[in-house]
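A.B. asks: Please see the structure below; I have some questions.
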Amino acid sequence: METRHYEVSVESNLINDIKHHTRWFKGLGIVFLVLGIAAIAFPFVATLSLEIAIGILFVIAGVAQAVQSFSVPRWGGFFLSLGLAALALIIGLLMLFYPLAGVITLTGLVAAFFLIAGTFKTAFALQVKPAIGWGLLLTGGLLSLALGLLILFQLAEAYPWILGLLLGIDFIFTGIWMIALASRAKRL
């Protein structure tokens, strides 16, 4: 009996949250949908863009950690922190200057992302079942898991553009789910 009360509480909280923020859910859904379509239309560009964005993040992290290292030079982890900053900076610069070389490594990281995101989406869908949109979320979660497994089976090594295509598919499904969820919650 207590489990059912929890399920109803989770569902009503979810519906109320979505009702009060319908525009945000629809807006984010549209952003995901547009990015997904763009990634499918230009999959190689999407793959390279992803790598460049991650390279930029590594450079920013490296610079920030270097600044932190020199801001507190007397602490015991100075050399470790400075070494990690240099490593992040080098990785980021390599990704920026040699983007094709890191596509396979990045593809492995994206496979991990799809597997983790798919697991969380699937678990959340099962947790909020029978709330509105749970079926779409479950389908999206299972699709993310399938995409992660597809990448892990080395299909992406032969095709550097596959990463952008798979990312586009995942984004489109996420966008459709968010738009449908917001539309349905608004009517309740």
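A.B. asks: Out of Val34, Val63, Val45, report the one residue that is farther than 30 Å from Ser183 by Cα, part of a helix (DSSP H, G or I) and either at pLDDT 95 or above or in contact with a Cys (Cβ under 7 Å, 6 or more places away or on another chain) (or both).
C.D. replies: Residue meeting the stated conditions: Val63.
A.B. asks: Then there's this: What is the number of the single condition among (1) over 19 Å from Leu28 (Cα atoms); (2) within 19 Å of the chain's Cα centre (by Cα); (3) at pLDDT 90 or above that Phe113 does not meet?
C.D. replies: (3)
A.B. asks: Given the structure, is Phe124 without any contact (Cβ under 8 Å) to a residue 24 or more places away in the chain, under 16 Å from the mean Cα position of the chain (by Cα), assigned to a helix (DSSP H, G or I) and closer than 23 Å to Ile172 by Cα?
C.D. replies: Yes; evaluated as a whole, the condition is true for this residue.
A.B. asks: Hey, could you check the range 1-31 for residues that are farther than 20 Å from Ala123 by Cβ and β-branched (Val, Ile, Thr) and say which is modelled with the lowest pLDDT?
C.D. replies: Going through the qualifying residues, I end up with Thr22.
A.B. asks: Taking the options Gly36, Gly55, name whichever one is in contact with an Asp or Glu (Cβ under 9 Å, 6 or more places away or on another chain) and either within 30 Å of Lys186 (Cβ to Cβ) or of a type outside the set (Lys, Arg) (or both).
C.D. replies: Sole residue among the options that is in contact with an Asp or Glu (Cβ under 9 Å, 6 or more places away or on another chain) and either within 30 Å of Lys186 (Cβ to Cβ) or of a type outside the set (Lys, Arg) (or both): Gly36.
A.B. asks: Can you list residue pairs whose Cβ atoms sit under 8 Å apart, with the first residue in the range 85-111 being surrounded by fewer than 18 Cβ atoms within 10 Å (Cβ to Cβ) and the second being not in a helix (DSSP H, G or I)? Count only pairs 6 or more apart in sequence or on different chains.
C.D. replies: Cβ pairs passing all conditions: Leu100/Pro160.
A.B. asks: Let me ask you something else. Take the residues in the range 70-104 that are assigned to a helix (DSSP H, G or I) and aromatic (Phe, Trp, Tyr); name whichever of them is nearest to Pro43 (Cα to Cα).
C.D. replies: Only one residue tops the list, namely Phe97.
A.B. asks: So the check is Cβ under 8 Å with 6+ separation or different chains; which pairs have a first residue in the range 51-78 that's of a type outside the set (Ser, Thr, Tyr) and a second one that's assigned to a loop (DSSP other than H, G, I, E, B)?
C.D. replies: From the range 51-78, the pairs are Phe78/Val72.
A.B. asks: Sticking with this structure for a sec: Kindly list the number of the only condition in (1) more than 17 Å from the chain's Cα centre (by Cα); (2) part of a helix (DSSP H, G or I); (3) buried (at least 19 other Cβ atoms within 10 Å of the Cβ) that fails for Ile132.
C.D. replies: (2)
The values are calculated or read from the model by the stated rules, or taken from the named source; none is laboratory data. Computed from a predicted model, the values in this text were never measured in an experiment. Note that each Cβ is placed from the backbone with ideal geometry, even for glycine, and that neighbours are counted across all protein chains shown.
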